[in-house]
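All of the numbers you see were taken from the coordinates with simple rules; none came from a lab. Computed from a predicted structure; not experimentally measured. Methodologically, a virtual Cβ is constructed for each residue, glycine included, from the backbone with ideal geometry; neighbour enumeration extends over all protein chains shown.
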Amino acid sequence: MEIIEILNPKYVQRTVSTNDGTIQYSGVNYAIQATIDGTEMSVPLDLTNRHYAEIMRQVDAGTLTITDAE
């Protein structure tokens with residue numbers, strides 16, 4: 001099995017522009033931002049995506065934690 005190095009995974013939420021021009025977070029996670037094998041990536045929350053599947057495998061194994069969105 002190929003070992004994939006995943007560093008600093010963090011959930012990303014959609015942003016919503018308001019009428020007064022401010023940006024607000026929607027509260028809905030849609031991706032994980034992480035450095036994977038040295039490359040910064042945005043990974044969709046889709047189990048058919050090999051990087052997301054690997055992130056979840058490592059989370060389930062207790063070797064990786066995903067930081068909440070800000």
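Just a few scattered comments:
- Within segment 1-53, being hydrophobic (A, V, I, L, M, F, W, C) and part of a strand (DSSP E or B) holds for Ile6, Leu7, Val12, Val16, Ile23, Val28, Ala31, Ile32, Ala34, Ile36, Met41, Val43.
- Of the residues making up segment 52-61, those that are surrounded by 15 or more Cβ atoms within 10 Å (Cβ to Cβ) and either touching a Phe, Trp or Tyr at 6+ places or on another chain (Cβ under 7 Å) or farther than 14 Å from Tyr11 by Cβ (or both) are Glu54, Gln58.
- Options Leu64, Leu47; residue that is surrounded by 15 or more Cβ atoms within 10 Å (Cβ to Cβ), touching a helix residue (DSSP H, G or I) at 6+ places or on another chain (Cβ under 6 Å) and on the phi < 0 side of the Ramachandran plot: Leu64
- Of residues in segment 1-39 being within 19 Å of Met56 (Cα to Cα) and of a type in the set (Asp, Glu), the one surrounded by the most Cβ atoms within 10 Å (Cβ to Cβ): Asp37
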